[in-house]
Structures are given as structure tokens and as C-alpha cells.
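Trainee: Would you mind keeping the following structure in view while I ask a few things?
The values are calculated or read from the model by the stated rules, or taken from the named source; none is laboratory data. Being a predicted model, the structure only gives us computed values, none of them experimental. Positions of Cβ are backbone-derived with ideal geometry, glycine not excepted, and every protein chain shown enters the neighbour counts. Calculation scope for accessible area: heavy atoms of the full protein, side chains included, ligands and nucleic acids excluded. Shrake-Rupley method; radii C 1.70, N 1.55, O 1.52, S 1.80 Å.
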Amino acid sequence: IQLDGNSVLALNKRANTYLAINQPDNAGPDLDAVLQLDPKNAYAFGNRGWAFRQKKLYKESINDFSKAIKFKEQNAWAYQMRGLSYLDLLNYEMAIKDFSEVINIDPKHYWAHNNRGICYMHTQYYELAINDFTKAIDLNPNPTDAYSRRGYTMAKMSRFEQAVDDYSMAIQLAPAIP
């Protein structure tokens, strides 16, 4: 099968496949070609943002996720990914805003609650962190990471018995994870 170089859909899909196998350098030319053909393609901006994230180019990823959001406003995935890039840059305030927007779009988004909880934990808003980790636990049938992080937060608040309970639950759910 020969790829039609002007096929926006095929270029996007091939780039997405490269990203799925962690080959962002191979995805880049396809995404650049899509954006030359369709400069408002939210999907391509999102995928290029993902490629930049894979390369740990977080500022560039934020720029592209912002464009993806501009061209498709209710884009929970782009908000989530941009929030992760802000989190990687330790910009907790902006990460919290993006994770909150994901929750506004999709209140049952486990990762948005979990990731916002991480931001609150790092900024020492422990009660807010506990609330988000608890919501994540309620939303996910196997929330090992949320239990572990909530346990850490409980310990930071000297709520040691609750911390032990949460750590015990994390161990019970995933005994092979150190």
C-alpha cells in the first residue's frame, strides 16, 4: 500500500502509530506535513505535543497542546497532556488549572483527579490532595497509585493510622510493585 502524501488522515494515523511505539522523530515529519496542509488540525497539534512530551521538550509540548485546545475547545486529552507537561516543569498552578478543566469536561476522569491530587500534594494543600485521591479511588477499580499517594499525604498530616491503611491497600492491590 502506498501512502498518499496529501492524505491528512493517513499522515495523522501513521504519526499516531509512531508515537504509540515511542518513535517521536519518525512522527514529526508526518505531523508537520499535516499542519502544512491543515494549519488548524487539533489532532495533529495534539499528536505533535505528545511527540514533544516523549522527547521531554515540555515547553514545546505545552505550545502544541494549547493550539490543539484552541482548535477543539472541549479537548480533555489535550488539557490532560498539557497538565502533565506543566507538572513535569513543576508548574503546579497551571497543571492544577488544566486538570481541573479535564474534570469539568469529564468528571469521571480518574487520571485528572489523581494528577491534580499530586499537584496539591506537592504544594502542601493536603486536604485538597486527599479529596482528589479519594475521588480517584472511587473512580478506579484498582487505584494502587492513588492509595499510595493518599497514604503519603496522610503521613504528611500526621494521620499515621490512615496512612498505614492506605499503604496496606496499595500493597494488597499490587503486591509485586515495590
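Trainee: Against the definition (open to solvent by 30 Å² or more (accessible area, probe 1.4 Å) and not charged (D, E, K, R)), how does F52 come out, yes or no?
Mentor: For F52, the condition - open to solvent by 30 Å² or more (accessible area, probe 1.4 Å) and not charged (D, E, K, R) - is met.
Trainee: With T144, T153 as the choices, which residue is polar (S, T, N, Q) and under 19 Å from the mean Cα position of the chain (by Cα)?
Mentor: Values: T153 fails: under 19 Å from the mean Cα position of the chain (by Cα).
Every option except T144 fails the conditions.
Trainee: Still on this model: Are there any pairs, at least 6 apart or on different chains, whose C-beta atoms fall under 6 Å, with the first in the stretch 101-118 and under 19 Å from E73 (Cα atoms) and in contact (Cβ under 8 Å) with a residue 12 or more places away in the chain and the second aromatic (F, W, Y) and open to solvent by less than 40 Å² (accessible area, probe 1.4 Å), and if so, which?
Mentor: E101/Y79; V102/Y79; A112/F99
Trainee: Restricting the stretch 78-127 to residues that are of a type in the set (K, R) and not in a loop (DSSP other than H, G, I, E, B), which is most open to solvent (accessible area, probe 1.4 Å)?
Mentor: Start the filter on the stretch 78-127 by keeping residues that are of a type in the set (K, R), which leaves 82, 97, 108, 116.
Imposing the further condition that a residue be not in a loop (DSSP other than H, G, I, E, B) reduces the set to 82, 97, 116.
On the way: R82: 35, K97: 115, R116: 41 Å².
So the residue we want is K97.
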